[in-house]
Amino acid sequence: MKNQRYLTQNDASILSKLAEHLLRLGEVEINAGEELIDIISTSVILPINAPRKDCVSLYSTVSYSPYNSDEKRSITIVCPQDANPQLALISTLTPIGLALIGRKVSSTIEVELPSNRIEKIKILDVTPLDSAVGELTHS
């Protein structure tokens, strides 16, 4: 399936709890909780003993470039409470976080930006949590 998402069981659990919390709040005009539920329900949930290192997961560092550009950007997708844009720690609830989570390296995806703009990006590389944790904890 084109642009299929792959979530670890742990990520699916965390995103599910986050979605439940957001749905309870229910005050947001566009509720990210509903989008998270959609992402979880349409993703392939990976067995605990078979994680994919080529897919974007929580706390993985993602390198990407805008489509048809040589510019390379890197961010780490994190839970909202750990977000810090100055350190390139981007919440999974941001448009780019929602677009990237679960996607594979080499995928080209569309990110819905504010003011109804859409940016296409290509995922170049993913550094999984186990490799990225040292960078986060030793900064």
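Being closer than 19 Å to Leu7 by Cβ and out of contact with any helix residue (DSSP H, G or I) (no Cβ under 9 Å at 6 or more places or on another chain) is a condition met by at least one residue of the range 54-71.
Annotation: of all residues in the range 114-129 being loosely packed, with under 13 Cβ neighbours inside 10 Å and not charged (D, E, K, R), the one that is modelled with the highest pLDDT is Ile118. Taking the stated definitions as given, is Ala19 of a type outside the set (Phe, Trp, Tyr), more than 15 Å from Asp125 (Cα to Cα), at pLDDT below 95 and buried (at least 20 other Cβ atoms within 10 Å of the Cβ)? So Ala19 fits the description; yes. Here's a check for you: in the range 69-93, which residue that is over 9 Å from the mean Cα position of the chain (by Cα) and polar (S, T, N, Q) is nearest to Lys17 (Cα to Cα)? Applying the filter and picking the extreme gives Gln81. Applying the condition of being under 12 Å from Asp125 (Cα atoms) and out of contact with any Asp or Glu (no Cβ under 8 Å at 6 or more places or on another chain) to the range 42-69 and asking which residue is surrounded by the most Cβ atoms within 10 Å (Cβ to Cβ) yields Val56.
The values are calculated or read from the model by the stated rules, or taken from the named source; none is laboratory data. Bear in mind that the values here come from a model prediction, so they are computed numbers and not experimental data. Positions of Cβ are generated from backbone atoms using ideal geometry, with glycine treated the same way; all protein chains shown enter the neighbour counts.
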